[in-house]
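The values are calculated or read from the model by the stated rules, or taken from the named source; none is laboratory data. Owing to the predicted nature of the structure, the values given are computational and were not obtained by experimental measurement. Backbone-built Cβ (ideal geometry, glycine too); neighbour counts: all protein chains shown. These area figures cover heavy atoms from the full protein model, side chains too; ligands, DNA and RNA do not enter into them. Shrake-Rupley method; radii C 1.70, N 1.55, O 1.52, S 1.80 Å.
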Amino acid sequence: MAVTAVVNQAAPCPKRVGLLGGTFDPIHNGHLTLARRFVELLQLTELVLLPAGQPWQKEGVSAPEHRLAMTRAAAASLMLDGVTITVATDEIDRQGDTYTVDTLAHWRAREGDDASITLLMGADQFVKLNSWHQWMRLFDYAHVCVETRAGFDIAQLPAEVAAEFARRRATPEILRASPHGHMFIDETLLLDVSATAIREAARTKSGSAEARTQVPSTVWDYIVQHHLYQTR
Ligand code: ATP
């Protein structure tokens, strides 16, 4: 008698939304590679890039209109078959301090209860997740996915973040099939690129040659045209 394997897999949510927030000063290939990786793993139907308004943890950030324009240019360079790419201005439009938890509440209301919504981030943010405003409430609205990053050790988590991860860790299949509340860490990428390094490198001629390889060409053109980062 033939034995039929029972595949115990919940159906994916029809809408699978990934949100990548950032200062994006500038948006770079690290962000885009991370985004592509999670589009693949979570089989996202929509990728939302969310430039921050005035990030409360950073100072001396370029004007929002520049960061928004660079994010739009980068979004246009992303070729992702069947994925809607949105550049959201919610955080830029909001006055004063903006908190991710409020942004996620907005996206949950917008996408409905059944959508799988995932907040994407790099390890540098994950290792300080407990410093985020009302961080435990993030899981009421979304899953959290983390990508490894050069220089940040995900084994060195604050105890409360580690405990939350142990409680909530799940596979990408589970994240795809449920609306919120789980976590997943992908350890396949270790991208040694940062906006800080790009801004610093852009100030010298030799540095610029390297920096321009780390952003989409349209983003580099924008940086040069608008004299951002004292480019040489
Ligand atoms: P800065 O150097 O100015 O602090 P950044 O390069 O970290 O900037 P952000 O815009 O602050 O860029 O990052 C947005 C999100 O992308 C964060 O969640 C961050 O962890 C993630 N990220 C940025 N660069 C990388 C990278 N190289 N690898 C993995 N995640 C990254």
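Which is within 15 Å of the ligand (Cβ to nearest atom), open to solvent by 30 Å² or more (accessible area, probe 1.4 Å) and among the β-branched types (V, I, T), of T148, T188?
Numbers: T148 fails: open to solvent by 30 Å² or more (accessible area, probe 1.4 Å).
Every option except T188 fails the conditions.
Restricting region 86-142 to residues that are away from the ligand (no atom under 15 Å from the Cβ) and touching a Gly at 6+ places or on another chain (Cβ under 7 Å), the residue that is most open to solvent (accessible area, probe 1.4 Å) is R94.
Could we say that T148 is hydroxyl-bearing (S, T, Y), touching a Leu at 6+ places or on another chain (Cβ under 6 Å) and closer than 22 Å to T23 by Cα here? Break it down into steps so the answer makes sense when it comes.
Numbers: hydroxyl-bearing (S, T, Y): yes; touching a Leu at 6+ places or on another chain (Cβ under 6 Å): yes; closer than 22 Å to T23 by Cα: yes.
So T148 passes the test.
Contact map, region 60-84: first residue free of Cβ contacts under 8 Å to residues at least 24 places away in the same chain, second residue hydrophobic (A, V, I, L, M, F, W, C) and open to solvent by less than 80 Å² (accessible area, probe 1.4 Å), Cβ cut-off under 9 Å, separation 6 or more or different chains; pairs are E65/I92; R72/L49; R72/V87.
On the stretch given as region 189-207, residues that are outside any loop (DSSP other than H, G, I, E, B) and under 22 Å from G22 (Cβ atoms) total 11. Is it the case that A163 is open to solvent by 20 Å² or more (accessible area, probe 1.4 Å) and assigned to a helix (DSSP H, G or I)? So A163 passes the test.
I'd like to know if region 166-188 contains one or more residues that are part of a helix (DSSP H, G or I), farther than 28 Å from L68 by Cβ and over 20 Å from the mean Cα position of the chain (by Cα). Break it down into steps so the answer makes sense when it comes.
Going through region 166-188, the residues part of a helix (DSSP H, G or I) turn out to be 166-168, 172-176.
Subsequent filtering for residues that are farther than 28 Å from L68 by Cβ retains 166-168, 172-176.
Still in the list and also over 20 Å from the mean Cα position of the chain (by Cα): 166-167.
Among the residues of region 166-188, at least one is part of a helix (DSSP H, G or I), farther than 28 Å from L68 by Cβ and over 20 Å from the mean Cα position of the chain (by Cα), which makes the answer yes.
Kindly state which helices (runs of 4 or more DSSP H) lie completely within region 66-137 and contain at least 1 residues that are over 15 Å from the mean Cα position of the chain (by Cα). So that I can check it myself, show each step before the final result.
Working: elements: 90-93, 100-111, 123-126.
So the answer is 90-93, 100-111.
The residue that is farthest from T196 (Cα to Cα), among those in region 23-63 that are near the ligand (Cβ under 9 Å from one of its atoms) and hydroxyl-bearing (S, T, Y), is T33. The set of residues from region 196-217 being hydroxyl-bearing (S, T, Y) and farther than 24 Å from L78 by Cβ comprises T204, S206.
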